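What follows is a single structure, written as structure tokens, with notes after it.
The values are calculated or read from the model by the stated rules, or taken from the named source; none is laboratory data. Computed from a prediction, not measured in an experiment: that's the story for all the values here. With ideal geometry, Cβ positions are generated from the backbone for all residues, glycine too; neighbour counts draw on all protein chains shown.
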Ligand code: SF4
Ligand code: SF4
């Protein structure tokens, strides 16, 4: 059983309230960890939000944590990795420009996998899908990261929280590719409107749009960008070839995510703080405005990434949105990443 600390969302306090809740939770985690020492330059793992997304966590949410760390005489920086697919977060240069546009200007930013995803460390795991995981160098080398996650849905993972932040968020490009490889999408021609939006996101030139639109699976790396961006739901991750892929493709992807999270977490002293506000069905990687699907819940924190995800998942279900992807939690528990059993401690 792991402790998960929780501070409910206070509508009257808004963003400032979230910021203060995060500080209180960080202090609590430091006390509970038995090692309150922060590194000289603390990485704050965040997500800057894709261009066009409106529901990612805004930089002001982290102000309290930055103030707290600086008051300890320590420095801190935002840490992120670039994505596998095209768009505004593909390279360090573009990613930094987007982060700046989204207001992440208060502290330095480190794109942990280098200019184009070339800086990685191979971390041995010896699990079912991976013998080793390709983790972004600057994050792999950090002993203590404050992992700041936004709880919300995700097309392939079901939901995204601390586990997804640790896996896809910590992985170098090669690692992201390895996690996606089992799922290669197809275009449903009867739904395709030939808008060609997907072409703008496919870095592999794998898509042909025409009388018969299709994806060349020899070129496709399974990054899922076309699936995420298609406004007409014409890109399917379900295989026409058989029920097996339909039933197990998502599950394999989720298991791979969890194995990467294991690589990022094992032997480290990371601190997990997750915001269950602005909860949408889709991910912050999606370049479009989205409606929230439950009310703002609050901020959760734990030393156990599985427990904090389980608590968020349960809270969202209680609020009316039962996300898919609970296999993430079961598999994470099975391989020893953490436990689904948690003791929820409310701090008021
Ligand atoms: S984005 Fe969707 S609808 Fe538009 S061309 Fe691509 S598959 Fe077809
Ligand atoms: S076709 Fe394949 S490589 Fe291209 S965007 Fe879609 S999933 Fe990614």
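A single entry from 21, 79, 16 fulfils the requirement of being assigned to a helix (DSSP H, G or I), modelled with pLDDT of 90 or more and crowded, with 21+ Cβ neighbours inside 10 Å: 21.
Within the range 250-270, the residues that satisfy the criterion of being surrounded by fewer than 22 Cβ atoms within 10 Å (Cβ to Cβ) and not in a helix (DSSP H, G or I) are 266, 267, 268, 269. The residues listed here are 142, 136; of these, the one that is surrounded by 21 or more Cβ atoms within 10 Å (Cβ to Cβ), without any contact (Cβ under 8 Å) to a residue 60 or more places away in the chain and in the same structural domain as residue 331 (by TED's automatic domain parsing) is 136.
Would you check which residues across the range 155-201 are within 16 Å of the chain's Cα centre (by Cα), more than 29 Å from residue 315 (Cα to Cα) and within 11 Å of ligand 2 (Cβ to nearest atom) and list them? Within the range 155-201, 177 is the sole residue that qualifies.
Here is a list: 302, 264. Which entry is closer than 26 Å to residue 87 by Cβ, in contact with a helix residue (DSSP H, G or I) (Cβ under 6 Å, 6 or more places away or on another chain) and modelled with pLDDT of 95 or more? Don't jump to the end; show me each part of the working.
On the way: 302 fails: closer than 26 Å to residue 87 by Cβ.
From the options 302, 264, the qualifying one is 264.
Where in the range 124-238 are there helices (runs of 4 or more DSSP H), lying wholly inside it, with at least 1 residues that are more than 25 Å from residue 281 (Cα to Cα)?
Details: elements: 137-140, 162-167, 173-180, 225-229.
Qualifying helices (runs of 4 or more DSSP H): 137-140, 173-180.
Evaluate the range 46-56: report whether one residue or more is more than 19 Å from the chain's Cα centre (by Cα) and either under 25 Å from residue 294 (Cβ atoms) or outside any strand (DSSP E or B) (or both).
Residues of the range 46-56 more than 19 Å from the chain's Cα centre (by Cα): none.
No: the range 46-56 contains no residue that is more than 19 Å from the chain's Cα centre (by Cα) and either under 25 Å from residue 294 (Cβ atoms) or outside any strand (DSSP E or B) (or both).
Table: residues versus (1) surrounded by 21 or more Cβ atoms within 10 Å (Cβ to Cβ); (2) more than 19 Å from the chain's Cα centre (by Cα).
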| position | (1), (2) |
| --- | --- |
| 319 | no, yes |
| 324 | no, no |
| 328 | yes, no |
| 331 | yes, no |
| 334 | no, yes |
| 338 | yes, no |
| 342 | yes, yes |
| 347 | no, yes |
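The residues of the range 314-337 that are touching a helix residue (DSSP H, G or I) at 6+ places or on another chain (Cβ under 7 Å) and either outside any loop (DSSP other than H, G, I, E, B) or free of Cβ contacts under 8 Å to residues at least 40 places away in the same chain (or both), listed by number, are 327, 328, 329, 331, 332, 333. Taking the range 1-15 as the range and being in contact (Cβ under 8 Å) with a residue 40 or more places away in the chain and either farther than 24 Å from residue 278 by Cα or touching a helix residue (DSSP H, G or I) at 6+ places or on another chain (Cβ under 8 Å) (or both) as the test, the residues that pass are 1, 2, 3, 4, 5, 6, 7, 9, 15. Quick one: which of 97, 40, 36, 71 is in contact with a helix residue (DSSP H, G or I) (Cβ under 7 Å, 6 or more places away or on another chain), over 20 Å from residue 161 (Cβ atoms) and without any contact (Cβ under 8 Å) to a residue 60 or more places away in the chain? None of the others qualify; the one that does is 36.
Checking each residue in the range 178-221 for being in contact (Cβ under 8 Å) with a residue 60 or more places away in the chain, farther than 26 Å from residue 310 by Cα and more than 10 Å from ligand 1 (Cβ to nearest atom) picks out 203, 221.
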